[in-house]
Amino acid sequence: MTEDHTAADVPPQEEVDVPALEVRELTVRFAGLTALDAVSFTVGPGTVHAVIGPNGAGKSTCFNVLSGVYRATGGSVRFGEHELTAMPPHRIADLGVARIFQNLALPPRATVADSLMLGRHRLTRTGFLAAGLRLPSAAREERVHRERVREIAAFVGIEHQLHAPAGSLPYGQQKLAELARALCMEPRLLLLDEPVAGMTADERRRTAAVIAGVRDSLGISIVLVEHDMGVVMRLADAVTVLDFGRRIADGAPAAVQNDPAVVRAYLGEEATS
Ligand SMILES: Nc1ncnc2c1ncn2[C@@H]1O[C@H](COP(=O)(O)OP(=O)(O)OP(=O)(O)O)[C@@H](O)[C@H]1O
């Protein structure tokens, strides 16, 4: 992990208070289908927690509840003192929960720098009026944000692309730019939905190193949904395994990997795909 981490450590902007994320008895039903069935797990502060499982296991559903896109049918998700299940996505984002999606979501024509500045919107104090009137305080604030954007771009290794349109970057670098945009929100909890899907082996290694660096230098928590078991096993501090909406294993990566129920679930998938 450390040997792969070629990027410089990114200094935290300020001391971040990262509470545990406690998922308890989380249940989501769609019509007749139970996509999540009383699932519980705890993401320790400053850890990478992977949620894995065969296709249709309920991983995306779980992410969609954590980010407020889906409403839970039952159970709770607590982030420190806050109950997330009743909140809309923007309130959850305001608590410092940032998400990157499976598919590319950056505006393709905007420069990488401007796209990353969008990530800082939540932290911008100057109102639209001061910014529009080009008051000195607004210019000063913008300079501080642009410098932080540059720092974060350097950390994920896309600093030389800051002035290129996001859509012109190779796929792997666009994914890294999305990770950078999420980091620009100065999150306390990062939800990564298949961050290395579609990447070359080299890009995968680099992204895994960047994610490890985020945990180690920023101390924020990361929930990771990922099909690439190599990446999961190298990065995760703990793993929750879902199958047909149920939690079938939970623990350290090595223990979970050898758990007979997990092996059965994955072999079953191979046999049917
Ligand atoms: N909005 C929805 N409406 C109805 N059913 C849904 C909805 N979202 C998910 N499901 C169903 O819930 C179950 C779990 O799906 P989910 O996408 O969470 O699995 P997953 O583990 O993320 O799968 P994959 O690895 O293929 O992305 C599936 O049977 C799916 O068809």
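Values as computed for the structure displayed
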| read-out | value |
| --- | --- |
| Theoretical ellipticity at 222 nm over the chain - DSSP helices of four or more residues, -39500 (n - 2.57) apiece, nearest 500 | -11500 deg cm²/dmol |
| Residue among ASP202, ASP237, ASP37 with the largest mean-square fluctuation in a Gaussian network model of the chain, springs linking Cα atoms under 10 Å | ASP202 |
| Net dipole in debye of the chain [+1 Lys, Arg Cβ; -1 Asp, Glu Cβ; about Cα centre; nearest 20] | 840 debye |
| Rounded to 5, percent antiparallel among DSSP beta bridges of the chain | 55 percent |
| Ratio of the Cα radius of gyration of the chain to 2.2 N^0.38 Å, where N counts its residues | 1.03 |
| Gap separating the Cα centres of region 197-273 and region 45-104, nearest whole Å | 17 Å |
| Sequence-separation-based contact order of the chain, relative, with Cα cut under 8 Å and 6+ spacing, percent | 30 percent |
| Dipole magnitude of region 213-261 about its Cα centre (Cβ charges: Lys, Arg +1; Asp, Glu -1), debye to nearest 20 | 60 debye |
| Sparse-neighbourhood loop sites, trypsin sites (Lys or Arg not before Pro) in region 50-101 - DSSP loop, at most 11 other Cβ within 10 angstrom | ARG71 |
| Candidates PHE155, PHE30, PHE63: whichever shows maximal mean-square fluctuation once the chain is modelled as a Gaussian network with Cα springs under 10 Å | PHE30 |
| The chain: most fluctuating residue of PRO107, PRO195, PRO89 per GNM, C-alpha cutoff 10 Å | PRO107 |
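We did not get these values from a lab; they are worked out from the coordinates using the rules stated. Everything numeric in this text was worked out from a predicted model, so none of it was measured. No Cβ is skipped: glycine too gets one built from the backbone with ideal geometry, and neighbour counts run over all protein chains shown.
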